[in-house]
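Below: one structure, written as structure tokens.
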Amino acid sequence: MSNFRFFLYLSQKLKRVMKKKKFFILLSSSFLWFACESNNENATVEAVEEITEEVDEVLEEESMSYLLPSPLQIAEIFKNSGLTYIGDLTSPTELAATYNTKYSQKLNFGIYSADMAYCIINDQTQSAIEYLSTLRGLSEKMWMTDVFNTMGLSKRLEANVGQHDSLTTIMADLQIQLDDYLEENGMGYTGPVIFAGAWIETMYLGAKVNQANSNEKLIYRLTEQSVVLENLLKALEQINEDNDFDELIADLKVVNKNFDVLEEGEEAKLGDEQVEKLSIQIIKLRNKIINN
Amino acid sequence: MKKVIFYSTILVLLLTTTALKLEEVQCVAADLKNELMPVLKPEYKYDSSKITRVLYKKEAFQSGIEVPLFMGEKYRFVFNTAGLPKDIEINIFDKKPSNKMKNALFTLSNVREAGKNVYTFEPEKSKKMYVVYTIPATEEEGLKGCVVFLLGYKL
């Protein structure tokens with residue numbers, strides 16, 4: 001049947017069934033609904049310009065959200081500033097079996113992610129694979145198995161031993177996968193807790209390496225983390241409706257106090273004593289988390 | 001048989017219009033995010049992302065993201081507006097949105113092109129920045145969508 005003949009046929013049929021009211025109303029509404037939608041678009045596009053001025057400077061704190069950087073980026077920045085590899089600094093994988101609450105699992109998932117990043121940026125592929133396996137185990141406990149299932153991460157890591165750029169790309173892919181998973185499963189509230197663990201561990205590694213071999217650049221980078229801690233605290237406060245994270249927030253606020261001495265300015269840096277105090281508090285907090 | 005063909009055709013038409021309507025307002029965040037990945041690679045590595053879900057209201061309002069950047073590093077901001085049924089305005093400020101001394105480093109209305117939904121911005125200087133979405137008022141009820149923001153870094 002040609003298109004024209006089919007159209008005629010359809011029109012005639014349509015006339016006949018127009019008597020069947022319900023059907024006709026349903027059909028018309030559907031087309032009208034779609035048509036109106038398209039027409040309204042232009043009207044609102046024009047309205048954007050006018051409204052922008054009206055709402056200028058009314059952005060409230062509760063309408064803000066707080067971006068948290070990837071632990072890999074922080075580790076890479078630390079590495080470029082002198083974060084060397086010290087083998088026994090990272091959290092023992094055996095401890096993973098002792099984390100039985102969702103809270104400790106999330107925090108230590110972050111801790112192990114940071115340890116994996118530390119191994120990867122230092123080309124410690126075998127250790128990275130062990131951390132990956134530990135992360136997979138923890139993710140199963142947290143019902144987040146899909147994060148690792150689709151990526152073939154172990155194989156990719158093994159296939160890229162010694163290829164630094166490829167290894168960091170794999171780690172970045174894991175971050176994408178994790179972010180997607182949390183978003184798709186409505187688990188956005190989990191992200192800041194995992195990040196808290198990762199941030200504390202990266203700071204711990206930075207502090208320990210700096211204690212072993214003090215380095216001005218690294219101290220500057222440790223100081224700079226005040227902007228991240230500020231965002232982390234705000235993000236945690238936003239998800240703390242049931243006061244589940246009171247203790248973590250209180251502990252991080254103690255750490256944050258160390259940055260109060262900083263003056264406004266791009267080159268602000270903590271002094272030696274202040275760095276030592278910050279390091280002691282970070283180490284204490286990190287050990288509290290891993291020892292459950 | 002003719003009846004079957006006829007009713008099937010009508011059903012297909014109905015489903016198509018409904019699907020078109022749904023597609024218009026649906027926000028598949030992962031797909032929108034995936035569209036942005038090639039805009040980062042190979043120079044920039046994925047850092048983090050934020051999917052902002054927008055429920056249009058009768059009054060215009062704003063929603064913001066505080067973005068910490070590290071000194072001396074290079075960043076690329078990438079936005080995908082394809083998940084929005086109606087345009088919004090995107091601004092990036094160098095200071096808090098409430099600060100009178102803030103400067104707009106990027107304004108989407110200055111760079112918007114017809115049919116384009118991916119936009120990028122690379123700050124000259126890296127310091128804390130504030131992304132502000134201005135969502136226009138609408139009389140349409142239940143109108144929603146999302147905007148995807150991706151941050152890439154280069155060390």
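Search segment B:27-49 for residues being among the polar types (S, T, N, Q) and either within 7 Å of chain A (Cβ to nearest Cβ) or not in a helix (DSSP H, G or I) (or both), and hand back the single one that is farthest from residue A:75 (Cα to Cα). Show your work before the answer.
In the first step, residues of segment B:27-49 are kept if they are among the polar types (S, T, N, Q); the result is B:34, B:48-49.
Subset that is either within 7 Å of chain A (Cβ to nearest Cβ) or not in a helix (DSSP H, G or I) (or both): B:48-49.
Values: B:48: 14, B:49: 18 Å.
Among them, the one singled out is B:49.
Does residue B:145 fit the bill of being of a type in the set (Gly, Ala, Ser), touching a residue at least 40 places away in the same chain (Cβ under 8 Å) and under 30 Å from residue A:71 (Cβ atoms)? Even if it seems obvious, please write down each step before you answer.
Numbers: of a type in the set (Gly, Ala, Ser): yes; touching a residue at least 40 places away in the same chain (Cβ under 8 Å): yes; under 30 Å from residue A:71 (Cβ atoms): no.
Considered against the rule, which asks whether it is of a type in the set (Gly, Ala, Ser), touching a residue at least 40 places away in the same chain (Cβ under 8 Å) and under 30 Å from residue A:71 (Cβ atoms), residue B:145 comes out as no.
Could you please give the count of residues in segment A:221-267 that are among the β-branched types (Val, Ile, Thr) and part of a loop (DSSP other than H, G, I, E, B)? If you could, list the steps in order and put the result at the bottom.
Applying the first criterion (among the β-branched types (Val, Ile, Thr)) to segment A:221-267 yields A:223, A:227-228, A:239, A:249, A:254-255, A:261.
Subsequent filtering for residues that are part of a loop (DSSP other than H, G, I, E, B) retains A:239.
Residues meeting the conditions: 1.
Condition test on residue A:64, is it surrounded by fewer than 18 Cβ atoms within 10 Å (Cβ to Cβ) and over 16 Å from residue A:203 (Cα atoms)?
Numbers: surrounded by fewer than 18 Cβ atoms within 10 Å (Cβ to Cβ): no; over 16 Å from residue A:203 (Cα atoms): yes.
Considered against the rule, which asks whether it is surrounded by fewer than 18 Cβ atoms within 10 Å (Cβ to Cβ) and over 16 Å from residue A:203 (Cα atoms), residue A:64 comes out as no.
For the list (1) in contact (Cβ under 8 Å) with a residue 12 or more places away in the chain; (2) surrounded by 17 or more Cβ atoms within 10 Å (Cβ to Cβ); (3) under 22 Å from residue B:42 (Cα atoms), I need the number of the one condition that residue A:127 fails.
Tallying (1) in contact (Cβ under 8 Å) with a residue 12 or more places away in the chain; (2) surrounded by 17 or more Cβ atoms within 10 Å (Cβ to Cβ); (3) under 22 Å from residue B:42 (Cα atoms), residue A:127 fails exactly one: (3).
So residue A:148 passes all but one of these: (1) touching a residue at least 60 places away in the same chain (Cβ under 8 Å); (2) over 15 Å from the mean Cα position of the chain (by Cα). Which condition number does it fail?
Going through the list (1) touching a residue at least 60 places away in the same chain (Cβ under 8 Å); (2) over 15 Å from the mean Cα position of the chain (by Cα), residue A:148 breaks only (1).
Residue by residue through segment A:268-291, note down the ones that are assigned to a loop (DSSP other than H, G, I, E, B) and touching a Phe, Trp or Tyr at 6+ places or on another chain (Cβ under 6 Å).
Going through segment A:268-291, the residues assigned to a loop (DSSP other than H, G, I, E, B) turn out to be A:268-271, A:291.
Within segment A:268-291, A:269 is the sole residue that qualifies.
Can you tell me which residue in segment B:57-97 is nearest to residue B:111 (Cα to Cα), limited to those that are among the acidic types (Asp, Glu) and within 12 Å of the chain's Cα centre (by Cα)?
Of the residues in segment B:57-97, the ones among the acidic types (Asp, Glu) are B:59, B:66, B:73, B:87, B:89, B:94.
From what is left, the residues that are within 12 Å of the chain's Cα centre (by Cα) are B:87, B:89.
Numbers: B:87: 13, B:89: 11 Å.
Among them, the one singled out is B:89.
Scan segment B:54-71 residue by residue and report those that are facing chain A (nearest Cβ under 9 Å) and either in a loop (DSSP other than H, G, I, E, B) or under 25 Å from residue B:30 (Cβ atoms) (or both). Break it down into steps so the answer makes sense when it comes.
First, the residues of segment B:54-71 that are facing chain A (nearest Cβ under 9 Å): B:56, B:59-71.
Those that are facing chain A (nearest Cβ under 9 Å) and either in a loop (DSSP other than H, G, I, E, B) or under 25 Å from residue B:30 (Cβ atoms) (or both): B:56, B:59, B:60, B:63, B:64, B:65, B:66, B:67, B:68, B:69, B:70, B:71.
Tell me whether segment A:151-163 contains one or more residues that are within 14 Å of chain B (Cβ to nearest Cβ), surrounded by fewer than 17 Cβ atoms within 10 Å (Cβ to Cβ), of a type in the set (Ser, Thr, Tyr) and assigned to a helix (DSSP H, G or I).
The answer is no; no qualifying residue exists.
Restricting to segment A:171-220, count the residues that are assigned to a helix (DSSP H, G or I) and either under 20 Å from the mean Cα position of the chain (by Cα) or among the β-branched types (Val, Ile, Thr) (or both).
Within segment A:171-220, the first condition is being assigned to a helix (DSSP H, G or I), and the residues that meet it are A:171-184, A:190-212, A:216-220.
Next cut, either under 20 Å from the mean Cα position of the chain (by Cα) or among the β-branched types (Val, Ile, Thr) (or both) only: A:171-184, A:190-205, A:209, A:219.
Summing the residues that are assigned to a helix (DSSP H, G or I) and either under 20 Å from the mean Cα position of the chain (by Cα) or among the β-branched types (Val, Ile, Thr) (or both) in segment A:171-220 gives 32.
Per-residue answers, yes or no, for (1) farther than 24 Å from residue B:28 by Cα; (2) modelled with pLDDT of 95 or more; (3) assigned to a strand (DSSP E or B):
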residue	(1), (2), (3)
B:106	yes, yes, yes
B:115	no, no, no
B:120	no, yes, yes
B:123	yes, yes, no
B:132	no, yes, yes
B:140	no, no, no
B:145	no, no, yes
B:149	no, yes, yes
B:152	no, yes, yes
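The values are calculated or read from the model by the stated rules, or taken from the named source; none is laboratory data. Here the structure is a predicted model, which is why all the values come from computation and not from measurement. Here the Cβ is made from the backbone with ideal geometry for all residues, glycine too, and neighbour counts use every protein chain on show.
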